[in-house]
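Worksheet: one structure, shown below.
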Amino acid sequence: MNLPRVVTVAGSDSGGGAGIQADLKTMLALGVHGMSVVTAVTAQNSLGVQGAWELPVEAVRAQYRSVVDDIGVQAVKTGMLASAGLVEAVAELLGATDVPVVVDPVGVSKHGDPLLAASALDSVRTRLLPVATVATPNLDEVAQLVGVRVESEAGMREAAAAVLAYGPRWALIKGGHLSGDAVDLLTDGAEEHWLRAPRYDNRHTHGTGCTLASAIASQLAKGRTVPEAVTAAKEYVTGAIAAGFALGGGIGPVDHGWALTRSVPAV
């Protein structure tokens with residue numbers, strides 16, 4: 001059986017809730033073959049990030065070429081890229097790979113720990129976003145990247161326009177930090193899709209952004225359109241958030257295997 005293949009280019013989360021680990025769990029749950037290009041190693045648990053070490057550019061480039069040239073790929077997802085050098089190297093690799101690319105512009109961890117050097121922001125804007133099929137910033141990342149602070153749903157259009165100005169084909173502005181329902185805006189500047197889901201009373205949401213971006217990439221690898229892929233990914237991550245569980249002494253992860261093991265709890 002020839003499964004669709006997806007590469008995640010991201011950092012390792014030793015606690016298993018986010019990063020490369022979350023990406024691969026998501027890909028397995030959604031029926032695609034996941035491959036990994038590790039960009040950084042973190043010492044991380046439910047309480048936060050205790051340390052982070054980026055890999056050399058040549059190690060990242062070698063991993064990417066190794067899997068893409070031999071195994072092939074139908075979609076790529078990026079996460080933690082840490083530095084300007086890594087951002088630029090990855091953008092160059094993606095620009096030469098003719099498949100959909102989902103860019104999750106990771107800036108800080110769930111606990112507020114920085115995962116991207118301030119000096120890399122311009123490289124994300126000018127090198128990485130232009131090669132993205134879909135960019136998936138949350139509201140904190142929107143403020144960091146384009147200077148737009150969203151206080152309500154009304155501000156999400158402005159945020160999307162500011163992100164699209166840097167060149168991605170689609171922007172998915174994630175409104176999970178707003179009150180009320182969990183609402184996201186997907187747009188290419190011409191058409192809009194407002195995606196809503198109930199908000200579950202569950203603090204264990206570590207890995208949400210990584211999981212959503214990986215789910216989108218997985219659906220794109222199956223040949224779905226961007227709106228179809230994002231809609232399906234939103235449904236998957238909503239179930240994963242609802243089933244999130246306690247782990248350690250802090251914020252636990254979403255449950256990537258929820259559809260395999262349990263039903264979605266009531267709101």
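Read-outs throughout are calculated quantities, based only on the coordinates presented, and are distinct from any laboratory measurement. All values reported here derive from a predicted model rather than from experimental measurement. Virtual Cβ from ideal backbone geometry, glycine too; neighbours counted across all protein chains shown.
Here are a few things to note about the model shown:
- Mean Cβ count within 10 Å, highest first, over the residues of peptides 159-166, 59-66: 159-166, 59-66
- Gyration tensor (alpha-carbon) shape descriptor, region 49-161, a/c threshold 1.5: oblate
- Relative packing of peptides 118-129, 229-240 - highest average C-beta neighbours within 10 Å first: 229-240, 118-129
- Under 5 Å between amide hydrogens, built in the peptide plane, is the criterion, and for M80 it picks out G11 among residues at least 5 positions away or on other chains.
- Alpha-carbon radius of gyration plus Dmax, which is the widest Cα pair, for the chain in Å: 16.7, 48
- Computed from backbone phi, the HN-Hα couplings of region 149-158 come to 9, 9, 10, 7, 4, 4, x, 6, 5, 4 Hz, rounded to whole numbers (Karplus: 6.51 cos²θ - 1.76 cosθ + 1.60, θ = phi - 60°; Gly and Pro given as x).
- The GNM of the chain, with springs linking C-alpha atoms under 10 angstrom apart, assigns the highest mean-square fluctuation among D23, D201, D13 to D201.
- Assigned charges on the beta-carbon of Lys, Arg, Asp, Glu; the chain dipole about Cα centre (debye): 400 debye
- Remark: I20, I251, I71 ranked as I71, I251, I20, counting other beta-carbon atoms within 10 Å and listing the fewest first.
- In terms of packing, defined here as the mean over residues of other Cβ atoms within 10 angstrom, the peptides 89-102, 27-40 line up highest first as 27-40, 89-102.
- Overall form of region 151-203 per C-alpha gyration tensor (a/c, 1.5; a/b vs b/c): prolate
- Cα gyration tensor shape of region 18-100, rounded if a/c is under 1.5, else prolate or oblate by comparing a/b with b/c: oblate
- Where both bridge residues fall in the chain, DSSP classifies roughly 45% of the beta bridges as antiparallel.
- Length-normalised contact order of region 176-262 in % [C-alpha pairs under 8 Å, at least 6 apart]: 26 percent
- In a reduced charge model with +1 at each Lys and Arg Cβ and -1 at each Asp and Glu Cβ, region 57-143 shows a dipole moment near 60 debye about its Cα centre.
- Cβ crowding within 10 Å ranks W170, W258 as W258, W170, fewest other Cβ atoms first.
- Compactness of region 143-267 - radius of gyration and Dmax, Cα, Å: 15.0, 45
- Region 117-174-region 237-261 distance, computed between alpha-carbon centres (Å): 27 Å
- Stretching E191 away from R169 to a fully extended chain increases their span by 6.8 nm, per 0.36 nm per residue minus the current alpha-carbon distance.
- For S119 and Q50, a Förster radius of 25 Å and the Cβ-Cβ distance give a FRET efficiency of 0.65, rounded to the nearest 0.05.
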